[in-house]
Amino acid sequence: MISPTPIQAEHGFIVRQGRPEDSAAIAELFHLVVNASTEHYSQAQCQAWSPAQRSEDEWRNRLHGTALWVADDGRNLLGFINLKPLNVPGEAEIDCLFTHPKAQRRGIAAELYRKLLRYAVDSGVQCLRVEASFYAKAFFGKQGFTTLKRNQHQRHGEVLTNFSMQLPL
């Protein structure tokens with residue numbers, strides 16, 4: 001079960017269970033991160049991926065029914081991750097993992113992932129899946145995920161690439 005006690009990391013942030021009132025900050029963070037992802041995606045691709053900040057309601061609906069954790073420093077949301085059940089027994093998907101561009105390389109994604117992994121194992125998940133961006137692919141590879149295939153998606157006239165990955169637990 002999800003522990004109500006936040007995890008204190010070494011670098012000045014906590015990981016806690018997400019709440020519906022985090023939706024506005026999640027919407028802002030997602031849009032910011034996607035539009036700063038120009039190392040692997042063109043500006044046009046970033047704009048196609050997230051042309052405008054989505055509403056709190058859209059994020060609340062997307063995250064409803066998923067297990068959600070956020071990292072914050074007491075003032076700002078620094079990252080979030082969520083796990084959604086799939087229609088295949090024993091499988092779940094990491095739907096999102098995003099870290100603020102100015103807070104990367106501080107262990108935030110790793111702490112978020114550790115919390116999700118503990119929950120998944122405790123919940124009887126036997127296989128984790130993720131559709132990883134170029135950025136996330138390296139992170140998930142370090143966690144033991146294997147790449148199943150490269151995907152190309154059309155969005156607003158641009159082709160976006162991601163990777164289907166899995167990790168048997």
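The values are calculated or read from the model by the stated rules, or taken from the named source; none is laboratory data. Worth saying up front: this structure is predicted, and the values here are computed from it rather than measured. Here Cβ is always computed from backbone atoms with ideal geometry, including for glycine, and neighbour counts include all displayed protein chains. To get the accessible areas, we keep the full protein, side chains included, count just its heavy atoms, and leave off ligands, DNA and RNA. Shrake-Rupley method; radii C 1.70, N 1.55, O 1.52, S 1.80 Å.
The table below lists the values:
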item	result
Every residue from the stretch 70-91 that is surrounded by fewer than 24 Cβ atoms within 10 Å (Cβ to Cβ) and touching a residue at least 60 places away in the same chain (Cβ under 8 Å)	Asp73, Gly74, Asn82
Residue tally, condition over 18 Å from Arg19 (Cα atoms) and either free of Cβ contacts under 8 Å to residues at least 60 places away in the same chain or in contact with a strand residue (DSSP E or B) (Cβ under 8 Å, 6 or more places away or on another chain) (or both), over the stretch 92-105	7
Ala92, sole failed condition from (1) within 19 Å of Ser164 (Cα to Cα); (2) at pLDDT below 95	(2)
Filter pass, Lys142 being within 20 Å of Glu28 (Cα to Cα), without any contact (Cβ under 8 Å) to a residue 12 or more places away in the chain and open to solvent by 30 Å² or more (accessible area, probe 1.4 Å)	no
All positions within the stretch 94-110 that are open to solvent by less than 30 Å² (accessible area, probe 1.4 Å) and more than 20 Å from Asn35 (Cβ to Cβ)	Ile94, Ala110
Residue list for the stretch 119-139, filter: open to solvent by 20 Å² or more (accessible area, probe 1.4 Å) and over 18 Å from Gly79 (Cα atoms)	Val121, Asp122, Ser123, Gly124, Val125, Gln126, Arg129
Residue within the stretch 5-27 that is at pLDDT below 80 and of a type in the set (Gly, Ala, Ser) present	yes
Scan of the stretch 147-169 for residues that are out of contact with any Gly (no Cβ under 8 Å at 6 or more places or on another chain), in contact (Cβ under 8 Å) with a residue 40 or more places away in the chain and open to solvent by 20 Å² or more (accessible area, probe 1.4 Å), ordered by number	Arg155, His156, Gly157, Glu158, Val159, Pro168, Leu169
Pairs where the first residue, in the stretch 30-55, is charged (D, E, K, R) and the second is surrounded by 13 or more Cβ atoms within 10 Å (Cβ to Cβ) and assigned to a helix (DSSP H, G or I), C-beta under 6 Å, 6+ apart	Arg54/Ala27
